[in-house]
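Everything below concerns the one structure shown next.
The values are calculated or read from the model by the stated rules, or taken from the named source; none is laboratory data. Everything quoted here is computed from the prediction, not taken from an experiment. Glycine gets a Cβ as well: all are built from the backbone with ideal geometry, and neighbour counts include every protein chain shown.
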Amino acid sequence: MYRDIWCGELRESHAGSRFKLCGWVFRRRDHGGLIFIDLRDRSGIVQIVFSPDVSAESHKLAHNLRSEFVISVDGEIRLRPDGTANDEIATGKVELYAGNLQVLNESAVLPFMIEEAADASEALRLKHRYLDLRRPELQHNFVIRHKTTKSVRDFLDSAGFLEIETPMLTKSTPEGARDYLVPSRLNPGFFYALPQSPQIFKQILMVAGMERYFQIVKCFRDEDLRADRQPEFTQVDLEMAFTDSAEIMALIEGMIAKLFHDVINVTIYTPFKVLSFKQAMEKYGSDKPDLRFGMEIADMGDLARLSSFKVFLDALDSGGRVKAICGKGMASLSRKEIDMLTEDAKAYGAKGLAWIKVKGGFESPIAKFFQNDVLQQIAARADACEGDLILFVADKESVVHNVLGRMRLDLGKRLNLIGAGYSFSWVTDFPLFEWDEEEKRYSAMHHPFTSPSYESEERMLQLPVEAFQPGAPSDILSSLTAKAYDLVLNGYEIGGGSMRIHKSEVQKRMFQVLGIGDEEAYKKFGFLLDALQYGAPPHGGIALGLDRLVMLMVGASSIRDVIAFPKTQKAVCQMSGAPSAVDQKQLRELYIKVNAPL
Ligand code: ASP
């Protein structure tokens, strides 16, 4: 046996007893007479003292110990002498006086010290991920991740869900990203797609009478990567028959509350705030609003109408919007600082930024276009008092919301308004369709299996054929809404789901509107369309992004810190070197010829 207790478990109550420990040499200090070692295992760190009076042999051997050598050591636990306790570690009041020391393995010179790993370049850390992962901070992240999946499993198990695996070698699922393809050797020229999500299979499990399914599952999307994206990521995926949106939302709230209590001992109050997509966009300029602070966006259209300011009037005349946010205490900004804000607004897509300072009156290049009582009303609506700065954007609605939404977040940070804590909300009633300006067609905002709301379904079924794929945005199609709900935490979308279409005629109509012809629909999703004909129950579900959720729970800034072996922005695994070229023989067996310059 290598150990009879873990390093991090030792306390004052153990003083006087003998224990055997094992782990890695974290730090070594040679004080001539005594040699001190911080021994680290997954549970924590404890100080080992090598004294020639206790064991001359071990003391001699300890001279050769270097960082990350693997050792096993036994000895007596003693209280540290007065004044030498280390309050920063849980074992800081005790130390082990080494008796027998065994060096189990040596370590080559490290590319970076474990305790200084955070300062090493990310490329180097990812190349030697096994060393990076020895960092206590990262080990903590994986403890939290493990506890999270355990809590979720326990919760869903007690709510009657079955964990069922769905295939990894599958057909393309339409989640809107590119597929990772896998060639089939036995079917030359044919490819599997790695699942972007188990969407279709989980719906078919509902048709199959499984009633409640869940899976903690890898999904693959070949997208350009950002800080919180990875080509393979994990979802807590679930689906339920005979249910409705309210039941699924309540279930997830219960799961989250238990999870935060079990894993990080944080109380989360339910029910969560619910905002419609429209409200979220109007007030926060985002469909994943950070509700840890206010600073709501105010509509100034009617008041702008009363002005003679051409930029505002033109925007309104061409169907656009004029809206504003208030920067508390920001009337003191210099002209130069305001110019910098204007540059930000331009970078976000605005043509410019209008502003009014409330400073013993109204100070602004545009004040002259407004009557004083209108300025008063503007200030009241923006919730601006003496000392505040009102910022306006006038443009197309989508531009106004995007720019002010982003500026709200910037100002929230700048003014230190974003408190600690976890602010959950639901965003519901999403549009069913989204106009794709480039392709000049509608696509499904969530995915094409999402059920329209009751009235939208009626209207969609009544649409004349010429209304499908109109070639330009259509008022009717744009106004249809979905029974979809996104779960938002602190400005991040951490989950999304919907009620599904369970009638094949509605599903067929959905494909028609999306310009997916019968033949194409059948080729791609025929198995779902078939299944829907045989007594499909009403059903719905959701998927939560596990990586993002754990990232927020541990306060990490990137999901790479909660994924054991993440990939870089270029989708490369620095450690294994994947993706890599393969043997000609392998390619020949797959009937594949590579054209790319290798
Ligand atoms: N399949 C969806 C996704 O991956 C989630 C869902 O609708 O359940 O986003």
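Restricted to helices (runs of 4 or more DSSP H) entirely inside region 185-289, those with at least 2 residues that are polar (S, T, N, Q) and within 13 Å of the ligand (Cβ to nearest atom) are 199-207. If you go through region 166-186 one residue at a time, do you hit one that is surrounded by fewer than 17 Cβ atoms within 10 Å (Cβ to Cβ), within 30 Å of Ala208 (Cβ to Cβ), without any contact (Cβ under 8 Å) to a residue 60 or more places away in the chain and of a type in the set (Asp, Glu)? Looking for residues that are surrounded by fewer than 17 Cβ atoms within 10 Å (Cβ to Cβ), within 30 Å of Ala208 (Cβ to Cβ), without any contact (Cβ under 8 Å) to a residue 60 or more places away in the chain and of a type in the set (Asp, Glu), one finds none in region 166-186, hence no. Of all residues in region 561-598, those satisfying the criterion of being assigned to a loop (DSSP other than H, G, I, E, B) and of a type in the set (D, E, K, R) are Lys567, Lys570, Asp583, Lys593. Listed residues Glu458, Glu434, Glu438; which is more than 16 Å from the ligand (Cβ to nearest atom) and not in a loop (DSSP other than H, G, I, E, B)? Step by step, each of Glu458, Glu434, Glu438 is checked, and only Glu458 is more than 16 Å from the ligand (Cβ to nearest atom) and not in a loop (DSSP other than H, G, I, E, B).
Pull up region 333-364, narrow it to residues that are assigned to a loop (DSSP other than H, G, I, E, B) and in contact with a Phe, Trp or Tyr (Cβ under 8 Å, 6 or more places away or on another chain), then point me to the one that is surrounded by the fewest Cβ atoms within 10 Å (Cβ to Cβ). Top of the filtered list is Ser364.
Screening region 489-543 for residues that are within 24 Å of Ala193 (Cα to Cα) and β-branched (Val, Ile, Thr) and picking the one that is surrounded by the most Cβ atoms within 10 Å (Cβ to Cβ) gives Ile501. The condition of being at pLDDT 90 or above, of a type in the set (Asp, Glu) and under 17 Å from Lys508 (Cβ atoms) holds for only one of Glu457, Glu493, Glu434, that being Glu457. Please verify whether Phe449 is within 16 Å of the ligand (Cβ to nearest atom) and over 23 Å from Ala536 (Cα atoms), treating the condition exactly as stated. Criteria not met by Phe449.
Residue-level check: of (1) exposed (fewer than 13 other Cβ atoms within 10 Å of the Cβ); (2) small (Gly, Ala, Ser); (3) under 20 Å from Phe26 (Cα atoms), Ala117 misses just (1). Per the listing Glu88, Glu76, the residue uniquely of a type in the set (Asp, Glu) and under 29 Å from Leu138 (Cα atoms) is Glu88. If only residues of region 307-332 that are in a strand (DSSP E or B) and among the hydrophobic types (A, V, I, L, M, F, W, C) are counted, the one that is nearest to the chain's Cα centre (by Cα) is Ile325.
Just a yes or no: is a residue in region 496-503 in contact (Cβ under 8 Å) with a residue 24 or more places away in the chain, within 16 Å of the ligand (Cβ to nearest atom) and farther than 22 Å from Ala531 by Cα?
Yes - at least one qualifying residue is present in region 496-503.
Taking residues in region 549-568 that are surrounded by 22 or more Cβ atoms within 10 Å (Cβ to Cβ), and partners anywhere that are acidic (Asp, Glu), the pairs with Cβ atoms closer than 6 Å and at least 6 places apart or on different chains are Ile559/Asp228; Ile559/Asp547; Val562/Asp547. Of these, Gln279, Gln230, which one is at pLDDT below 95 and over 22 Å from Gly541 (Cα atoms)? Answer to the check: Gln230. Summed over region 123-139, the residues that are surrounded by 13 or more Cβ atoms within 10 Å (Cβ to Cβ) and in a helix (DSSP H, G or I) give a count of 10.
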